[in-house]
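Taking it in order: structure first as structure tokens, then the write-up.
The values are calculated or read from the model by the stated rules, or taken from the named source; none is laboratory data. Everything quoted here is computed from the prediction, not taken from an experiment. Cβ coordinates were reconstructed from backbone atoms using ideal geometry, including for glycine residues, and neighbour counts include every protein chain displayed. Accessible surface areas use protein heavy atoms only, side chains included; no ligands, DNA or RNA. Shrake-Rupley method; radii C 1.70, N 1.55, O 1.52, S 1.80 Å.
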Amino acid sequence: MSSLLKEDMEKKLFKPKGYTLYEFIETKSKSKERFYLCTSVSKQQEVHICLVKHYRVCLDEKYEISEKWLLKDLEYIDGKEAETDNSNFDMMFEEVCNMDAYSCASKYAFARSIIKLNTLYTKKDIKVLNFDSSYIEEGVIWSSNNGDCLVLMRICFYASNLLCLSLCPMP
């Protein structure tokens, strides 16, 4: 579903503006409308972060940019509490933007995309606060380019090994 949504959003909103959609996550909203936090790259290799409103008109899906920032203006991204499973985070531009991702995993996926795009394009010193570094840094056993599915698979693999070992009779 998410790949179809990404393809549709890119075709209807980003490509006509000359952007390539890199990553998006769903955010929680108090209204009935759906919002996505997106990262995109322009033809001039400028990285944009935007909040996209998603709605339907009859049977047609529509997308509209509600807020837009440049990655080069981002001072920090704050995961708030690295020790707990929460989906809230802040991004500091000229003012603090409080976001609530759909899940903690999507919050980390977004942070990884910010770090990767910063490394590729802006090379600015962006502070990453209150995130568990083992889930966002490259080269750590849990990080991967395949996203959160591979992380979940590894956790399940280790958990099943522990279960098997605990059920083995002692000699």
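The table below lists the values:
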item	result
Relative contact order computed over the chain (Cα-Cα under 8 Å; 6+ residues apart), in percent	16
Residue-wise HN-Hα coupling along segment 73-81, computed from phi with Karplus coefficients 6.51, -1.76, 1.60 (Hz; x: Gly, Pro)	8, 6, 8, 7, 10, 10, x, 6, 10
Cα→Cβ-extended label distance, 7 Å offset, between Ser166 and Glu137, nm	2.9
Whole-percent carbon and sulfur share, accessible surface of the chain, 1.4 Å	55
Relative packing of peptides 15-22, 44-51 - highest average C-beta neighbours within 10 Å first	44-51, 15-22
Where segment 26-126 is the region considered: accessible area per residue in Å², 1.4 Å probe	56
Among Val57, Val41, Val96, residue whose mean-square fluctuation peaks in a GNM of the chain (springs only between Cα atoms under 10 Å)	Val57
q = 0.10, 0.14, 0.16, 0.18 Å⁻¹: log10 I(q)/I(0) that the Debye formula gives for segment 6-134, counting C-alpha atoms only	-0.31, -0.60, -0.79, -0.99
Rounded tilt (10° steps) of 104-117 against the dominant C-alpha axis of the chain	60
